[in-house]
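Right, one structure below, let's go through it.
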Amino acid sequence: AAPEAAEPARAACVTPTPLSVEDTHEIRQALRARFPALKEPPNSNSTICYATDNRQAAVKELARHCDLVLVIGSPESSNTNRLCEVARKHGARAHRIDFADEIALDWLDGARYVGVTSGASAPDFLVQDVIARLRRHGATSVETLNVVDEEVAVFSLPRRIHEIAAAQGKTLERAR
């Protein structure tokens, strides 16, 4: 069914972060056709989290090279679940795990190459634990697949925040 709006001239569109630019392209085209006055952010991709988009691009490439992709992250994480979907869509078997000990050894059967990635909020030590478990079960080498170089802006906290922390006996790390 075509979307309806009580006031079509006031229709607006933003997208949730687990969706990539590619995922939203057709939807947004359809909305623009239906609502010519559709309001969107100035950069129509600005509501999509760069980390989400970059990780999905990386998983697409990873899935092309791997038989199995392990995605580390919470079952409640939309981003993590989406990474599994993207890996499967691009030809790899994929499993979501929280911890290395959740890897079923039969998943490794017939897998010559295993890719490992994580949701945006998964700490790096979990990735290292997974790599260590794979090594214990026969992995002979680890390669890093660089698909996207992220340039992240770093913002310094206001001096007042540092003063409050100091008054509490804490030191905040300063951006370099």
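The values are calculated or read from the model by the stated rules, or taken from the named source; none is laboratory data. The structure presented is a predicted model; accordingly, all values stated were derived computationally and were not measured. Note that we place each Cβ from the backbone using ideal geometry, even for glycine, and neighbour counts take in every protein chain shown. With ligands, DNA and RNA removed, areas are computed over all heavy atoms of the protein, side chains included. Shrake-Rupley method; radii C 1.70, N 1.55, O 1.52, S 1.80 Å.
Pairs please, first residue from region 83-106 and over 15 Å from Gln128 (Cβ atoms), second anywhere and assigned to a strand (DSSP E or B) and open to solvent by 30 Å² or more (accessible area, probe 1.4 Å), Cβ atoms under 7 Å, 6+ apart in sequence or on different chains.
From region 83-106, the pairs are Cys84/Arg96.
Any chance region 61-75 includes a residue that's among the polar types (S, T, N, Q), assigned to a helix (DSSP H, G or I) and open to solvent by 10 Å² or more (accessible area, probe 1.4 Å)?
No, region 61-75 contains no residue that is among the polar types (S, T, N, Q), assigned to a helix (DSSP H, G or I) and open to solvent by 10 Å² or more (accessible area, probe 1.4 Å).
Taking the condition within 30 Å of Ala139 (Cα to Cα) and modelled with pLDDT of 75 or more, does Pro75 pass?
Here the answer is yes, as Pro75 does meet what is asked.
Only residues that are within 17 Å of His65 (Cα to Cα) and crowded, with 19+ Cβ neighbours inside 10 Å: list them for region 88-110, please.
Across region 88-110, the qualifying residues are Ala92, Ala94.
Go through region 136-146 and give me each residue that's in contact (Cβ under 8 Å) with a residue 24 or more places away in the chain and either of a type in the set (S, T, N, Q) or open to solvent by 60 Å² or more (accessible area, probe 1.4 Å) (or both).
Answer for region 136-146, where residues must be in contact (Cβ under 8 Å) with a residue 24 or more places away in the chain and either of a type in the set (S, T, N, Q) or open to solvent by 60 Å² or more (accessible area, probe 1.4 Å) (or both): His137, Leu145.
Mind checking whether some residue in region 147-170 is modelled with pLDDT of 75 or more, open to solvent by 90 Å² or more (accessible area, probe 1.4 Å) and among the β-branched types (Val, Ile, Thr)?
For region 147-170, residues modelled with pLDDT of 75 or more, open to solvent by 90 Å² or more (accessible area, probe 1.4 Å) and among the β-branched types (Val, Ile, Thr): absent.
Filter region 111-135 down to residues that are open to solvent by 40 Å² or more (accessible area, probe 1.4 Å) and assigned to a loop (DSSP other than H, G, I, E, B) and give me whichever is nearest to Leu70 (Cα to Cα).
Tyr113
Being modelled with pLDDT of 80 or more and among the hydroxyl-bearing types (Ser, Thr, Tyr): is that true of Thr144 here?
yes
Mind listing whichever residues of region 93-110 are of a type in the set (Gly, Ala, Ser) and outside any loop (DSSP other than H, G, I, E, B)?
Within region 93-110, Ala94, Ala100 qualify.
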